[in-house]
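Novice: Handing you a structure now.
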Amino acid sequence: MMKILNLLLIVFIFLVGFRAIGQKNVNLSASTSVNMMMEKFVTQGKSNETIKAWRIQIITTDDRREMEKAKSMFSSLYPNINVDWKHVAPYYQVRVGYYENKNKLMPFLLELKNTFPSATPVYDNVSKRTLVN
């Protein structure tokens with residue numbers, strides 16, 4: 001299913017690029033099944049409010065005060081980087097940043113390890129609205 005969607009996306013991008021080159025007299029028509037698949041792909045993309053992204057988890061603890069201290073320390077050191085926490089009983093987790101792949105977070109992770117030795121990369125569901133803001 002994903003291979004078909006990827007193929008459709010590539011064809012669509014090619015067609016849009018082809019049209020942008022200046023070929024004004026080219027008429028393209030797709031079969032009904034292709035149109036239905038594209039509509040389904042767009043609808044699913046709009047309905048899903050989260051995407052997967054890499055984050056750095058700086059602390060996991062069962063002590064709320066320790067979690068709040070780590071969150072506060074991180075915010076004071078890196079005021080422009082997003083920081084959230086969540087409670088997955090019995091643990092509190094503090095996660096920071098958003099990265100599209102693991103390689104992009106590694107330099108920052110190495111820097112964070114000096115202050116937060118237990119920092120680790122995690123693959124997380126992230127709200128699309130959070131990323132836009």
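The values are calculated or read from the model by the stated rules, or taken from the named source; none is laboratory data. Keep in mind that this is a model prediction, so the values were computed, not measured. Please note: Cβ atoms are built from the backbone with ideal geometry, for glycine as well, and neighbour counts cover all protein chains shown.
Novice: Taking Met67, is it in the same structural domain as Leu105 (by TED's automatic domain parsing) and at pLDDT 85 or above?
Specialist: Yes, satisfied.
Novice: Within the range 90-105, which residues are exposed (fewer than 14 other Cβ atoms within 10 Å of the Cβ) and out of contact with any Asp or Glu (no Cβ under 9 Å at 6 or more places or on another chain)?
Specialist: Glu100, Asn101, Lys102, Asn103, Lys104
Novice: Under 8 Å by Cβ, and 6 or more places apart or on different chains, what pairs join a residue from the range 76-99 that is free of Cβ contacts under 8 Å to residues at least 24 places away in the same chain and more than 17 Å from Trp54 (Cβ to Cβ) with one that is in a strand (DSSP E or B) and aliphatic (A, V, I, L, M)?
Specialist: Trp85/Val94
Novice: Ok, one more. Just to be sure before I move on: is Tyr92 under 30 Å from Ile4 (Cβ atoms) and either under 21 Å from the mean Cα position of the chain (by Cα) or not assigned by TED's automatic domain parsing to the domain that holds Phe12 (or both) in the structure I sent?
Specialist: The answer is no for Tyr92.
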